[in-house]
Every structure is written in structure tokens, then in C-alpha cells.
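Coordinate-derived values only; no laboratory data. On a predicted model such as this, the values are computed, not experimentally measured, just so you know. FYI the Cβ positions are ideal-geometry reconstructions off the backbone, even for glycines, and counts take in every protein chain you see.
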Amino acid sequence: MFVLLGIAGVVVGGSASTDPSTEAAKPPAVAPSEPAQASEAAPSSAAPEKKAAVAVVAKKVAYKKNIIAPDGDYTSVSVTVTNNSSKPIGVNPLYFTITDSNGGKHVAELAADEDQIATVELAPGENVTGSVTGKGSFTPKTVTYTDGLIGKSVRAEVS
């Protein structure tokens with residue numbers, strides 16, 4: 001038992017020799033400096049950024065009246081949804097809301113715009129573009145896509 005403790009002590013603490021000539025031959029222990037720590041952090045910051053599982057891009061477009069839509073004022077936003085995840089996602093006009101510049105939320109009006117976003121399932125790497133339309137005349141600020149009716153939300157600024 002004492003032999004094992006002695007060996008462990010030598011391995012952990014180094015040589016048990018107290019000869020000053022052997023101490024001088026050892027290089028001095030140097031504490032890591034801050035530049036060395038910064039260089040260690042640099043590779044992690046240089047790593048490529050991880051893409052969001054779902055990307056949403058939105059821009060204001062002119063409303064294109066559909067023959068089915070009733071008369072009235074509508075505001076449309078062109079939305080592109082890209083699936084960057086490894087699993088399929090669903091896209092449906094009901095999964096979107098538009099927030100106006102005053103903070104008001106507008107749900108998507110079905111069949112109001114001729115270019116309405118399609119109801120599709122996107123495989124990994126696929127995307128779809130179409131319009132999301134809210135009732136009334138307003139200035140759209142953001143569009144929110146929710147993966148399913150209760151899934152994770154992704155918000156995009158309207159350009």
C-alpha cells in the first residue's frame with residue numbers, strides 16, 4: 001500500500017529528489033498568460049456559425065387581390081421559409097402572424113392574396129416563398145412563423 005502511495009506521489013508531484021542540481025535543470029513552471037488564453041479562444045470564434053433550424057425572410061409586397069377574397073383593405077408580406085434542420089417541417093398560412101409598427105398582431109387571411117404561401121411539407125434543405133396577408137391597411141414590422149400551431153416560433157423583420 002505504501003509503495004503504491006509512493007509511486008502515485010512521484011507521478012503527481014514529480015521526483016522526490018532534493019538535489020539542487022536537478023532542480024536547476026528543470027524549466028521553471030510558467031502560468032498561462034492572457035494572450036495564450038485568447039489564442040485558445042480564437043479557434044472557437046472562428047468556427048462557422050450554426051444555421052437556425054428554420055430561416056424566415058420577409059419583405060413587404062403589393063397586395064394581389066384574389067377572386068375569392070372579399071372587398072376591403074389588405075396588407076401582404078412575401079415570406080420565404082427555409083428548412084435548415086434534419087427533419088421535415090410543415091408550412092401553412094395559418095402558421096403565420098404579422099405584427100404591425102404599432103405592435104398590433106394580424107392573423108393570416110386565407111385565400112386573400114393571389115400569391116398566398118402554399119401548405120407544404122419542406123424536406124431538409126428545401127424552401128418555399130409566398131404571401132401572407134393580413135386584413136386592413138397597416139405597416140408590417142415583423143412576421144412570425146410557428147412550426148405547427150404550438151411549435152417553436154421564428155420571427156423575421158419585414159424589409
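Rounded to the nearest 0.05, the FRET efficiency derived from the C-beta distance between I150 and V120 at R0 = 22 Å is 0.70. Amide H contacts of K141 (H built 1.01 Å from N, in plane; Pro and chain starts excluded): T99, D100, S101 sit under 5 Å, all sequence-distant by 5 or more or on other chains. Taking a point 7 Å out from the Cα of K50 in the direction of its Cβ, the residues of the stretch 83-124 whose backbone N falls within less than 19 Å of it are 83-89, 124.
Placing pseudo-labels 7 Å out from each Cα toward the beta carbon at K105 and K60 gives an inter-label distance of 2.2 nm. Think of each Lys and Arg Cβ as +1 and each Asp and Glu Cβ as -1; about the Cα centre, that makes the dipole of the stretch 47-159 roughly 340 debye. The H on the amide N of K64, modeled in the peptide plane, is under 5 Å from the matching H of E114, D115, each at least 5 residues off or on a different chain. Computed from label points 7 Å out along Cα-Cβ, the spacing between K135 and K87 is 3.5 nm.
The convex hull drawn around the Cα atoms of the stretch 60-147, when projected onto a plane and averaged over every direction, covers 5.3 nm².
Pairs with C-alpha atoms separated by more than 22 Å, drawn from the list K59/K135; K65/K152; K105/K152, are K65/K152.
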